Amino acid sequence: MSAADPAAGAAMSGPAPAAGAAGALLARDSAWKPWEFALWALALAAFFLLPSKLLLLNDIAILALFALSIDLLLGYAGIVSLGHAAFFGFGAYAAGLFAIHVSGDPLLGLVAAGLSAGVLGFATSFLVLRGSDLTRLMITLGVALMLLEAANRFSGLTGGADGLTGVTMAPVLGLFEFDLWGRTSYLYSLGVLFVLFVLARLLVHSPFGLSLRAIKGNRLRASAIGIAPNRRLVAIYTIAALYAGVAGALLAQTTQFVSLDVLSFQRSADGLLVLVIGGAGYLYGGLVGAIAFKLMHEVISGLTAQYWLFWLGLILVILVLVGRDRLLAGPRGLLRAALARLPRRRAP
Amino acid sequence: MTALASPAATTTAQPILQTIGLEKRFGGLVATSDVSLSLRPGARHALIGPNGAGKTTFINLLTGVLAPSAGKILLDGTDITTERPHARVRRGLSRTFQINQLFAELTLLETVAIAIAERERKGWSMFRPLAAQTAVIDEAAELLARFRLADVMAKRTAELPYGRQRLLEIALAIAAKPRVLLLDEPAAGVPEDGRREILDIVRGLPASVTVLLIEHDMDLVFSFADRISVLVAGGLLVEGTVAEVSGDPRVRTAYLGEDADG
Amino acid sequence: MLTILFDGVAYGMLLFVLACGLAVTLGLMNFVNLAHGAFAMAGGYLTVVLMGSYGVSFYLCLPLAFLVTALLGAVFERTLYRHLYAKSHLEQVLFSIGLAFMAVSAVDYFMGARQQIVQLPPSLQGRVEILGAGIGVYRLFIIVVCALILIGLQLALTRTRFGSQLRAAVDDGRVARGLGINIGRVFALTFAVGSGLAGLGGALGAELLTLDPTFPLKFMIYFLIVVTVGGTTSITGPFLAALILGIADVAGKYYFPQLGAFIIYAVTVALLLWRPYGLISREGAR
């Protein structure tokens, strides 16, 4: 009885795409879709179409970047953090202090803030590697609260509860001054968001990105194929911290002010909520969620300014009880029918 | 006997996988007791024993999922006892799991490709898309084709029936081009019509790969293995050739006797 | 210094009573309930209202707070929480945060944002000399009540049938169900009692803790610390953790006022790094 040797290229069942076609499959997945171009074009067009809303749009861009950083952690690496605002806030203060004490150049400040937040992320990443889900939640929350306390105490440096003022920015690239209507702010934030997004997109489709998804999907198996999970998680945690830091820096630079709430639990919770609304794991969730979130905020705040927190809570409760998928099943079905296949979309 | 020729290794060749007095205790429970095993390169070695004998625990010890309470593990002469699982994979030790451990949301192509990319040390590449690694993709596609999974390679793993997932489970372990392959009940959970395929693949593994097989299917064991170790209650009862083991009365009572009744 | 120690112990034991419900819920249902503090807040506000508007005695408010919040907890568990046991931790976190936000907002709306002051009955005011240190009668009262609760809980867990059902369910829900234990009922009762204890703690500590609408969010971290550091497989773990936390907090605020709560968070992170699964727990347990 001789065994059929699969190594000898035995007959295959069904039509098999040629080896080169496999590459084409993957390439199609990672290529830019038409609707993506449309979305970014729309974001740019908003500058011209909604000149009175540029400050709001700036807010959306910053929130989208923050949510994107959380997506990298949650959607791709499966790490739930309750304290990601730690890096957002750290970046904000870093950028503010940089502008006051070193240089008002925005791009330089951005780099400084991003790097600082990245270093902080790297330093704290080891804390989230150990223990259960709950431990991770606690540690991330704890670190953020520690930072908040520290910012409060060192009010000589940070301005404490009054906030950090005197953040004056030089023109972007020496040419574009920050103005009161947010024209420079929005394009600046949008530009930074776009660049970082493109980088994140590359990352996600790279072997590294895929290895993260493997770790998230089945950590045991990931290590059984040669992936060292902890090292990869440290790397993505650092990158996510850097991204959040840049978002915080954008806030500091475009509003020329930093208050303690950049480090608050509310900030972390908002980011999580935005991502959950938009959907984690396909990179655009942050952007979509940010738009939806801000719009909701505008509408509800217009009606009951003081009690936004209540409605926010209610939205969260309903969202979880009903499930985002079921809520959006209708509109999404239509969307899917109308557009080309989306890249990998996974709900948390 | 097997249709495969053993490599022309001399009997004095260094064992490629060796455990010395391996022990694992969980509190008062002794799961693995003084197990010393030695596999020569190219061996086809089966590990059998009643349920609960500690076979999977042994595999977990070999791969580093569990840390031993005592004893040593040597891979081609190198002491790997304290190495992390992923490090052992890098050294050429690969395994399959008794219950499929796969990446439900990844496609088959992605699954195999990432394993190959890791093997090629390309796992840290961050800014070039995986799709650009043509050599890796081609090898992945080819491997899937060999396992007759080419037609579904673009599907998510979760969409496949269990039997076909099992093929992927084995393909994934092979993708690492291991020197030693540990198969934990490869046909377990597979419906009758899929078993044949699995058995063919196991029998058709390259001769250069040393294989340690855990199995309950005696037909496969007897037709595949050149040596058998019998594990009972965490300890090695008997080890020898197929003839020696199947003729041993202790084995009959401890294991084969049960099998005949149950 | 002994005074500080006593104060710390009182604070710690109060934290324990507040948080033990959360510990059991987490250990039993693997549910992360960040809204737990809202029940404590309810107990506190109930006490304020009963004492202020209806002249009810402080002592009577305590059991009332327990009963009302326990009932509240039971209702919430059957209507809302029940549907979420199977969901991911992230969803549970988001859900309970949402509830907490709603509670904070609602209390703000109905009771105003300012801090509520509770007037202790004369019998609880003043100080007493113990071992040469002066300790407030109120704090002594807290220690005694909480100790009684702790003993009661321990007895209930080990001596009663419900206690063994609960322990079985925590250990392995599926097997417990297979033994005929009505898991749903165990969950509901446990959640109710846990919430009730939180309410009782809120009432008991109304003078000690700052009672305002943001209470659930401010104290959420403390409860979580107790539960995470203490582990969820026993009562002793959270008790120890609460004591450590209470003493560290009081001592920290006394000796290093500039650092404030920073010490607590640092101690927590350090403890969690040392024992990622809790002070007293099985490795691999939640």
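Structure notes:
- Within the stretch B:150-159, considering residues that are facing another protein chain (nearest Cβ under 9 Å) and assigned to a loop (DSSP other than H, G, I, E, B), the one most open to solvent (accessible area, probe 1.4 Å): B:Ala154
- Of all residues in the stretch A:202-215, those that are open to solvent by less than 20 Å² (accessible area, probe 1.4 Å) and touching a residue at least 24 places away in the same chain (Cβ under 8 Å) total 6.
- Exactly one residue out of B:Ile73, B:Ile137 is open to solvent by less than 50 Å² (accessible area, probe 1.4 Å), without any contact (Cβ under 8 Å) to a residue 40 or more places away in the chain and not charged (D, E, K, R): that is B:Ile137.
- Put simply, of C:Leu34, C:Leu90 the only residue that is open to solvent by less than 20 Å² (accessible area, probe 1.4 Å) and without any contact (Cβ under 8 Å) to a residue 40 or more places away in the chain is C:Leu90.
- Residue check, C:Gly134 touching a residue at least 24 places away in the same chain (Cβ under 8 Å), over 30 Å from A:Ile139 (Cβ atoms) and not in a helix (DSSP H, G or I): yes
- When the residues of the stretch C:241-286 are filtered to those that are more than 19 Å from the chain's Cα centre (by Cα), open to solvent by less than 60 Å² (accessible area, probe 1.4 Å) and farther than 22 Å from A:Leu134 by Cα, the one that is modelled with the lowest pLDDT is C:Gly260.
- Filter pass, A:Leu212 being modelled with pLDDT of 90 or more, part of a helix (DSSP H, G or I) and either more than 24 Å from A:Leu57 (Cα to Cα) or in contact with a His (Cβ under 6 Å, 6 or more places away or on another chain) (or both): yes
- Count of residues meeting criterion [among the small types (Gly, Ala, Ser), open to solvent by less than 20 Å² (accessible area, probe 1.4 Å) and part of a helix (DSSP H, G or I)] in the stretch B:78-101: 0
- Check on C:Phe110, open to solvent by 50 Å² or more (accessible area, probe 1.4 Å) and at pLDDT 85 or above: yes
- Pairs where the first residue, in the stretch C:259-277, is within 26 Å of C:Gly27 (Cβ to Cβ) and facing chain A (nearest Cβ under 7 Å) and the second is surrounded by fewer than 18 Cβ atoms within 10 Å (Cβ to Cβ) and of a type in the set (Asp, Glu), C-beta under 6 Å, 6+ apart: C:Tyr277/C:Glu283
- Test: residue in the stretch A:109-117 that is within 14 Å of another protein chain (Cβ to nearest Cβ), open to solvent by 40 Å² or more (accessible area, probe 1.4 Å) and in a helix (DSSP H, G or I): no
- Matching entry among C:Phe223, C:Phe187, C:Phe191 (being at pLDDT 80 or above, in contact with an Asp or Glu (Cβ under 8 Å, 6 or more places away or on another chain), open to solvent by less than 10 Å² (accessible area, probe 1.4 Å) and assigned to a helix (DSSP H, G or I)): C:Phe191
- Note on the stretch B:160-243: enclosed strands (runs of 3 or more DSSP E) holding 1 or more residues that are over 21 Å from B:Ala141 (Cβ atoms) and open to solvent by 20 Å² or more (accessible area, probe 1.4 Å) are B:227-232, B:235-241.
- Complete set of residues in the stretch A:25-62 that are modelled with pLDDT of 90 or more and acidic (Asp, Glu): A:Glu36, A:Asp59
- Verdict on B:Ala117 being facing chain A (nearest Cβ under 7 Å), touching a helix residue (DSSP H, G or I) at 6+ places or on another chain (Cβ under 6 Å), assigned to a helix (DSSP H, G or I) and closer than 27 Å to A:Phe197 by Cα: yes
The values are calculated or read from the model by the stated rules, or taken from the named source; none is laboratory data. Keep in mind that this is a model prediction, so the values were computed, not measured. Every residue, glycine as well, gets a Cβ built from its backbone with ideal geometry; the counts of neighbours run over all protein chains shown. SASA here: full protein model, heavy atoms, side chains in, ligands and nucleic acids out. Shrake-Rupley method; radii C 1.70, N 1.55, O 1.52, S 1.80 Å.
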